[in-house]
1. Taking only protein heavy atoms and a 1.4 Å probe, what accessible area per residue, in Å², does the protein assembly as shown have with all protein chains in place?
2. Leaving ligands, DNA and RNA out of it, work out the accessible area of A:Glu5 with a 1.4 Å probe and give it in Å² to the nearest 10.
3. Of all the accessible heavy-atom surface of chain A, with the other protein chains kept in place and a 1.4 Å probe, what percent is carbon and sulfur?
4. What are the lysines whose alpha-carbon lies under 25 Å from the alpha-carbon of A:Lys56, with same-chain residues fewer than 8 places away excluded?
5. Just tell me which aspartates and glutamates come within less than 14 Å, Cα to Cα, of B:Lys70; anything on the same chain fewer than 8 places away is out.
6. Using every alpha carbon pair in segment A:5-110, what percent of pairs falls into each 10 Å bin from 0 up to the bin containing the largest distance?
7. Take B:Ser49, B:Ser22 and sort them by solvent-accessible surface of the protein heavy atoms, 1.4 Å probe, largest at the top.
8. Give me the accessible area of B:Met32, 1.4 Å probe, in Å² rounded to the nearest 10.
Amino acid sequence: SQQGEEDPQALSIQEGENATMNCSYKTSINNLQWYRQNSGRGLVHLILIRSNEREKHSGRLRVTLDTSKKSSSLLITASRAADTASYFCATVYNAGNNRKLIWGLGTSLAVNP
Amino acid sequence: DGGITQSPKYLFRKEGQNVTLSCEQNLNHDAMYWYRQDPGQGLRLIYYSQIVNDFQKGDIAEGYSVSREKKESFPLTVTSAQKNPTAFYLCASSPLGGAGNQPQHFGDGTRLSIL
């Protein structure tokens, strides 16, 4: 099935720095979602951005969407050690009469104190 | 507090054995999902259900079975036909509105290993 692709696969930064992760996808979308997963835990929804939106903010998170390039980015500003996690993008795939979320492989972020 | 509860947290399967993973939600969500996560890979959809007594196969349904007899419960059985069951299994739910139109809420997963 089709998948989004995040890059980089892994990112290591110092506390206080900004972290940027990118997601590319293959099909036209209605919206795109970003999730965070702490090690050994379930995923937590961060932001949903619709195809007619170009930018969305939530606290220290900023998500952009460029539908012409089929890409999205997640920016975490002033990172903290607690931001250490894997980050996934997910897009909708139309499968007949049903829709499914298709997940990228994730970016593993390490924020060093 | 509302949420999704998966149990057990760790599960070991003997060869030829069926095992059942529990998923319960009290969010009053119509849709529920089972995903499999392998190291270094994204989530892959096993089964999903949008309404009680109805469910559809995802991308990797072979060797798995589900039931949806109650809105709040969506158990997953890993059968002996699944030859490579070792993985992290995640259950999720969302309000009905079509996948992708609503955020999904996840449990904390069950890690299944072969003895």
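The values are calculated or read from the model by the stated rules, or taken from the named source; none is laboratory data. Note that the structure is predicted; figures quoted are calculated from it, not measured. Cβ sites come from the backbone with ideal geometry, for glycine too, and all protein chains shown count toward neighbours. When the accessible area is computed, the model is the full protein with side chains, heavy atoms only, and any ligands, DNA or RNA have been set aside. Shrake-Rupley method; radii C 1.70, N 1.55, O 1.52, S 1.80 Å.
1. Working: 10790 Å² over 228 residues.
For the protein assembly as shown, the solvent-accessible area averages 47 Å² per residue.
2. 110
3. So the carbon and sulfur contribution to the accessible surface is 42 percent.
4. A:Lys26, A:Lys69, A:Lys70, A:Lys100
5. B:Lys70 reaches B:Glu24, B:Asp30, B:Asp54.
6. 15, 49, 29, 6, 1
7. Numbers: B:Ser49 0, B:Ser22 35 Å².
Reading off the accessible areas and sorting them downward yields B:Ser22, B:Ser49.
8. Roll a 1.4 Å probe over it and B:Met32 shows about 0 Å².
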